[in-house]
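Report on the structure given below.
The values are calculated or read from the model by the stated rules, or taken from the named source; none is laboratory data. Source: prediction; values computed, not measured. FYI the Cβ positions are ideal-geometry reconstructions off the backbone, even for glycines, and counts take in every protein chain you see. All accessible areas refer to the heavy atoms of the entire protein, side chains included, with ligands and DNA or RNA removed. Shrake-Rupley method; radii C 1.70, N 1.55, O 1.52, S 1.80 Å.
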Amino acid sequence: MRKHLIIFVLLVLASSVAEARKTVIPIETEHTQLLLAVRDNGVLETLHFGAKVADPEAFLAFDTGRGEDNGDGPMAYPTAGGRFLGQPALHAKYADGTHNTELFYVSHLSRPAGGAVTTEVLLKDPVSLLEVKLVFVACLKEDVIVTHTEIVNGGKKPVELLDYASGSLYVDADKYLLTHFYGGWANEMNIDSEVLTHDTKVIESRRGTQATQCSNPSFLLSMDTDRLQENAGEVIAGALAWSGNFRLSFEMDESHRLNVLAGISPYASAYTLAPGKAFVTPDFLYTFSQRGAGQASRNLHAWARNYGVYGGGQVNPTLLNSWEGAYFSFTTETLLRMIDDAASMGLEMFVLDDGWFAKDYPRDGDASGLGDWEVNTAKLPEGIDYVASYAHSKGLKFGIWIEPEMVNPQSNLAHRHPDWVVQSPGREQYQSRNQWVLDLTNPKVQDFVFGVFDNTMKLSKNIDYVKWDCNRTVANFGSMYLGEEQDRFFVEYVQGLYSVMKRIREKYPDVLVQCCSSGGGRLDYGAMKYFNEVWTSDNTDAMSRVYIQYATNLIYPACVMGSHVSAVPNHQSGNVTPLKFRFDMACSGRLGMELQPRTLTERERALADRCIRSYKQYRDLVFTGDVYRLASPYDGDYYALMYVSQDRSRAVVFTYCVKYQNRAVGARTFRMDGLDPARRYKVTELNVNRSCWWGNGQVHAGDFLMGGGFNPKLLRTFDSAVFYLEAE
Ligand code: GLA
């Protein structure tokens, strides 16, 4: 072994001196550059990440070292062992009990395909024979780099992977402001911002399922500022594409350099790699903006629409969902009348939520029936096809709710397959919402879960949309299937879920699937590869949605944000919000309604019809346009944003007053953004008889609108307005 090592190191040294002395490996998008370099000792380092420079080689002369480390730059994929002492991306434990891994460059290649260039860099540890391939996909016009890592055990004995981050990102600035997201049920995606200090800040989820309800695997990092700025300054935004336990870490070392690691959480997840086997990490994607958070969001959104979201870039239907309007108590008649109302209001789909299934343990509440996916014919004697066909006959699409990963103890499934339930022998099987989690590491359970989707689809050929729910986290985790390999549970649960989703997408490529997990409990780019949209939050209170949707939209595009108008007050909030404000809020995402339409007064119905009609006129902008935020609800008394078409000929502007204004101060001025300064736009306020802006109905120059000419009078809490812009 030792002889091999010496020969290998000599070879590496010889080749690096001859031809690879600081070979630069550029990973570039239109405006961004990640420069890796092979040091003359064979170590791969990060030279630069940020704005693109014309001559990458220039960085070679730049001394990136600040400590006593002989001027060495930071390792591109730092490993535990060797001379590296910080938080490692990779920490492996070998059969002989050692923990050291040192990776040396072997080769790299780049290949363009479509609008992206993929670069693979192969590294190897000459002692353990562990091979690590770093894969980078540079999405050119989106300015997004997507990276993942493939780890292969080239040795003869099993290797235990203790940490296995998807990627590592080094940044160098004087100050780092980290913006990340926290929350809880019906309170997702609050914003926390903090200036990082030395040592490590960790954002982690150990929830197993519903992994993103309390924190999200995404972040924004603003350089050299202590404020998240919309249009100024350097910002890196990133996200991990993984629907399970995750960990993001931000370690500032003694030289003030920051290392960002993103990956699967190592919590209880030491992963054993047999000889010859590979482990592929999830994707870590990031972008760099020199124009604040706004450009960072636009980059991520463009990437999401083009690559990251299933069916991204398409316009999805408006809908009426039965949940808040009917909950568990409905008959066929209730549903048909809701369909009638949805059709007469101009909505395009009816979604039958929870409560339609299970016979022996009918799903008349949340305590029974999950797992028994047969139509409850006592409740719906005519069956699902009857309702779905009725919807189609009224010109509506039809959707249906399932929660296939879960089981109520009160169900035939729980009695038949107790071993399918996530559990730890001898310990309490804690219930949450009266249910247990099914063990998706078990291939039989995967087949069952696929079957739930498949069989539900077979209930009617008129099913166009499935709302896939997942209403709890994992407690006392464990799998009867995995035996002694419980360390694999958290990782293989998610892999099991993805493998089911792959099968579903192969068979049902065109069905719209919503990702719901008690609201936004599974909001991540791993899930979005298979799902068309998310249920942003169970909280449909429009004022709460201002904050939830503002933050969600920092990272995720509006096309995935299910956003519904519900009754007031409702089960989450006592706010009696005007219907106009509720609509204006819901219309900034994928519009839906979630109430009993019969409870609306005639005036409210007329307003609803009008808002739905006008939404159809501009919603392609919400789904495919570029977002520009004009005011953050965190910074003042307004939230305002606009979506602009790619050719800048059309736009829609949403403005909301979230706090009473001192009327003496007068109307607030917003600077529109993203328009063509040289073009002239007709500006029309929608859904009102009297506009709140003096310039309504007139044609204005783009530079005037962007230069501060737009000052609609929104003075009281819940005042809101939507403006449509069309270039002459
Ligand atoms: C979860 C979802 C809701 C609804 C209910 C049904 O809470 O987030 O939208 O579907 O389940 O039980």
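Residues that are at pLDDT 95 or above, open to solvent by 10 Å² or more (accessible area, probe 1.4 Å) and either more than 28 Å from Phe181 (Cα to Cα) or not in a loop (DSSP other than H, G, I, E, B) (or both): does the stretch 513-523 have at least one? No, the stretch 513-523 contains no residue that is at pLDDT 95 or above, open to solvent by 10 Å² or more (accessible area, probe 1.4 Å) and either more than 28 Å from Phe181 (Cα to Cα) or not in a loop (DSSP other than H, G, I, E, B) (or both).
Would you confirm, using the coordinates I've provided, whether Tyr643 is touching a residue at least 12 places away in the same chain (Cβ under 8 Å) and either in a helix (DSSP H, G or I) or open to solvent by less than 30 Å² (accessible area, probe 1.4 Å) (or both)? Answer is yes for this residue.
Closer than 24 Å to Met457 by Cβ, under 29 Å from the mean Cα position of the chain (by Cα) and open to solvent by 10 Å² or more (accessible area, probe 1.4 Å) - does that describe any residue in the stretch 394-404? Looking through the stretch 394-404, at least one residue is closer than 24 Å to Met457 by Cβ, under 29 Å from the mean Cα position of the chain (by Cα) and open to solvent by 10 Å² or more (accessible area, probe 1.4 Å). Taking into account only those residues within the stretch 420-462 that are over 20 Å from Ala367 (Cα atoms) and of a type in the set (Gly, Ala, Ser), which is most open to solvent (accessible area, probe 1.4 Å)? By that ranking, first place goes to Gly426.
Within the stretch 158-178, count every residue that is closer than 23 Å to Ala268 by Cβ and not hydroxyl-bearing (Ser, Thr, Tyr).
8
Note on the stretch 441-491: among residues that are of a type in the set (S, T, N, Q) and within 16 Å of the ligand (Cβ to nearest atom), the one that is nearest to Val407 (Cα to Cα) is Asn471. Residues in the stretch 532-548 that are within 16 Å of the ligand (Cβ to nearest atom), under 15 Å from Gly183 (Cβ atoms) and either without any contact (Cβ under 8 Å) to a residue 40 or more places away in the chain or not β-branched (Val, Ile, Thr) (or both): Val534, Trp535, Ser537, Asp538, Asn539, Asp541, Ser544, Arg545.
Of the residues that sit in the stretch 420-440 and are outside any loop (DSSP other than H, G, I, E, B) and of a type in the set (S, T, N, Q), which one is nearest to the ligand (Cβ to nearest atom)? So that I can check it myself, show each step before the final result.
Within the stretch 420-440, the first condition is being outside any loop (DSSP other than H, G, I, E, B), and the residues that meet it are 420-421, 432, 435-438.
Of the ones still in play, those that are also of a type in the set (S, T, N, Q) are 432, 435.
Numbers: Ser432: 12, Gln435: 10 Å.
Across the stretch 420-440, the extreme among qualifying residues is Gln435.
Checking each residue in the stretch 609-630 for being closer than 12 Å to Met345 by Cα and among the hydrophobic types (A, V, I, L, M, F, W, C) picks out Cys611, Ile612. Every condition in (1) more than 16 Å from the ligand (Cβ to nearest atom); (2) within 30 Å of Ala367 (Cβ to Cβ); (3) of a type outside the set (A, V, I, L, M) is met by Pro282 except one, and the failing one is (2). Of the set (1) free of Cβ contacts under 8 Å to residues at least 40 places away in the same chain; (2) closer than 30 Å to Ile612 by Cβ, all apply to Ala378 but (2). Across the stretch 367-378, the number of residues qualifying as open to solvent by 30 Å² or more (accessible area, probe 1.4 Å), charged (D, E, K, R) and closer than 19 Å to Val422 by Cα comes to 0. Restricting to the stretch 47-66, count the residues that are touching a strand residue (DSSP E or B) at 6+ places or on another chain (Cβ under 9 Å) and either modelled with pLDDT of 95 or more or not β-branched (Val, Ile, Thr) (or both). The number of residues fulfilling the criteria is 12.
Of all residues in the stretch 524-538, exactly one satisfies the criterion of being open to solvent by 10 Å² or more (accessible area, probe 1.4 Å) and over 17 Å from Gly312 (Cβ atoms), namely Asp538.
Give me the residue from the stretch 405-419 that is within 20 Å of Gly496 (Cβ to Cβ) and either open to solvent by less than 20 Å² (accessible area, probe 1.4 Å) or free of Cβ contacts under 8 Å to residues at least 60 places away in the same chain (or both) and, out of that set, nearest to the ligand (Cβ to nearest atom). In this case the residue turns out to be Met406.
Residues that are open to solvent by 40 Å² or more (accessible area, probe 1.4 Å) and either over 16 Å from Thr331 (Cβ atoms) or in contact with a strand residue (DSSP E or B) (Cβ under 6 Å, 6 or more places away or on another chain) (or both): does the stretch 379-388 have at least one? Lay out the reasoning, then the answer.
From the stretch 379-388, those open to solvent by 40 Å² or more (accessible area, probe 1.4 Å) are 381-382, 385-386; that's our starting set.
So of that shortlist, the ones also either over 16 Å from Thr331 (Cβ atoms) or in contact with a strand residue (DSSP E or B) (Cβ under 6 Å, 6 or more places away or on another chain) (or both) come out as 385.
Within the stretch 379-388 (the criterion being open to solvent by 40 Å² or more (accessible area, probe 1.4 Å) and either over 16 Å from Thr331 (Cβ atoms) or in contact with a strand residue (DSSP E or B) (Cβ under 6 Å, 6 or more places away or on another chain) (or both)), the answer is yes, since at least one residue qualifies.
Of the strands (runs of 3 or more DSSP E) entirely within the stretch 297-404, those holding at least 1 residues that are polar (S, T, N, Q) and within 16 Å of the ligand (Cβ to nearest atom) occupy 319-321. Within the stretch 219-275, the set of residues being assigned to a loop (DSSP other than H, G, I, E, B) and among the hydroxyl-bearing types (Ser, Thr, Tyr) comprises Thr225, Ser243, Ser255, Ser265, Tyr267, Ser269.
What's the total number of residues in the stretch 495-531 that are within 16 Å of the ligand (Cβ to nearest atom) and not aromatic (Phe, Trp, Tyr)? Even if it seems obvious, please write down each step before you answer.
Our first condition is that a residue be within 16 Å of the ligand (Cβ to nearest atom); within the stretch 495-531, this holds for 512-523, 527, 531.
Those still in the list that are not aromatic (Phe, Trp, Tyr) too: 512-523, 527.
Residues that pass the stated criteria total 13.
In summary, Asn575 fulfils each of the numbered conditions (1) crowded, with 20+ Cβ neighbours inside 10 Å; (2) assigned to a loop (DSSP other than H, G, I, E, B); (3) among the polar types (S, T, N, Q); (4) out of contact with any Gly (no Cβ under 7 Å at 6 or more places or on another chain) with the single exception of condition (1). Met706 meets each of the listed conditions (1) within 21 Å of Ala608 (Cα to Cα); (2) open to solvent by 30 Å² or more (accessible area, probe 1.4 Å) apart from (1).
Has the stretch 487-505 got any residue that is in contact with a strand residue (DSSP E or B) (Cβ under 9 Å, 6 or more places away or on another chain), more than 27 Å from Phe718 (Cβ to Cβ), open to solvent by less than 10 Å² (accessible area, probe 1.4 Å) and in a loop (DSSP other than H, G, I, E, B)? Outline the logic, then answer.
Step one: list which residues in the stretch 487-505 are in contact with a strand residue (DSSP E or B) (Cβ under 9 Å, 6 or more places away or on another chain), which gives 487-488, 490-491, 493-494, 501, 504-505.
Next, from what is left, pick out any that are more than 27 Å from Phe718 (Cβ to Cβ): 487-488, 490-491, 493-494, 501, 504-505.
Add one more test, that the residue is open to solvent by less than 10 Å² (accessible area, probe 1.4 Å), and what stays is 491, 493-494, 501, 504.
If we keep only those that are in a loop (DSSP other than H, G, I, E, B) too, we end up with none.
Among the residues of the stretch 487-505, not one is in contact with a strand residue (DSSP E or B) (Cβ under 9 Å, 6 or more places away or on another chain), more than 27 Å from Phe718 (Cβ to Cβ), open to solvent by less than 10 Å² (accessible area, probe 1.4 Å) and in a loop (DSSP other than H, G, I, E, B), which makes the answer no.
In the stretch 611-635, of all residues being farther than 17 Å from Leu725 by Cβ and open to solvent by 30 Å² or more (accessible area, probe 1.4 Å), the one that is modelled with the lowest pLDDT corresponds to Asp635.
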